[in-house]
Amino acid sequence: EHVPRSHGCRDSRGTVNMAALTEARFLSLQLLLKASSKEVVRQLFQESFPSAAVESRRLIDSAAGSLSVTTEEAQQVLRALHTLSHHVVFHGLASPEQILAVFPESFHSSLKNLLTKILLEHSPTWRNEAVSNQISLPQLVDMDWRVDIKTASDSMNRMAVPTCLVQMKVQDDPSLRGPAALSTVTLELSKETLDTMLDGLGRIRDQLSAVASK
C-alpha cells in the first residue's frame, strides 16, 4: 500500500519537504469529493487562504454544510487547503508539473487535477498577498549545535577530522502553530565552511547595525 509522502520534514542530510503537508492533510483534502460542484471546491479554496480563515466559525460552518461533514472535518479540510496553497506560494510552484508532484500517487486523480487548476489560477494573486503581508518567509525558532569528530581515512593514514553539527528548527508558515508547522534541518559543517558562514553572518550583522544606527 502506498503511503503519501510527508512534505516538509528535513532529514539528517537537510532534504527539504513541507512539514505541514502530512498524510492526514491529504486525507482531509479528499473530503472535497463530497462537494456538490467544482464551484464549491473553488470557493472553499479561495476563502481558506487567509491565515484567519482556518479559525473562522462562519467559514467552518459553511464548509460543513457544503460538504455534509462535521465541523471538525470541515476545519481539517480548510486547514489542508490553507496549507496546500501556502506550500505552493512559498515554494514558487508555477507549473502544472510542479504542483501535481506535490500530491501522493494515490490521491484521487480528478480532484488532484481540479486543485492544481485552481492553484494555477489563484497563486499569482495569493503570492502578491503573501508578499504584501510579509507572511511568506520561514522563521528560525530554535538552534542547537555540537562538535563531532569524524575519522577520515585514505590509503596512507587515518586522521580525526572535527566537524560542527548545527540543528535548526524552522517555522515554515508563521501563520500556523504547533509541531506540525515546524521543520528541522541538520547541517554538517567543516571548519572551513563554518569560517565562511561566520564571515558572511558578520557582514550581515555589521550592515544591520549600520542601518539601525541611521
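The values are calculated or read from the model by the stated rules, or taken from the named source; none is laboratory data. Quantities reported herein were computed from a predicted structural model and do not represent experimental measurements. Note: ideal-geometry Cβ built from the backbone for every residue, glycine included; neighbour counts use all protein chains shown. Accessible surface is based on the protein model in full, side chains and every heavy atom, while ligands, DNA and RNA are left aside. Shrake-Rupley method; radii C 1.70, N 1.55, O 1.52, S 1.80 Å.
Computed with every protein chain present, the accessible area of residue 68 is close to 100 Å² [probe 1.4 Å]. Average projection, convex hull of the Cα set of region 65-127: 4.7 square nanometres. Distance between the 7 Å Cα→Cβ label points at residue 164 and residue 197: 0.7 nm. The average projected area of region 34-99, computed from the convex hull of its Cα atoms over all directions, is 4.5 nm².
Computed with a 1.4 Å probe over protein heavy atoms only, the accessible area of residue 108 comes to about 70 Å².
Let's test the formula: R0 of 30 Å, r as the Cβ-Cβ distance of residue 72 and residue 145. What FRET efficiency results, to the nearest 0.05? Working shown, then result.
On the way: r = 40 Å, r/R0 = 1.35.
My answer for the efficiency is 0.15.
Quick one: if the Förster radius is 22 Å, what FRET efficiency do residue 129 and residue 58 give, using the C-beta to C-beta distance and rounding to 0.05? According to the calculation, E is roughly 0.65.
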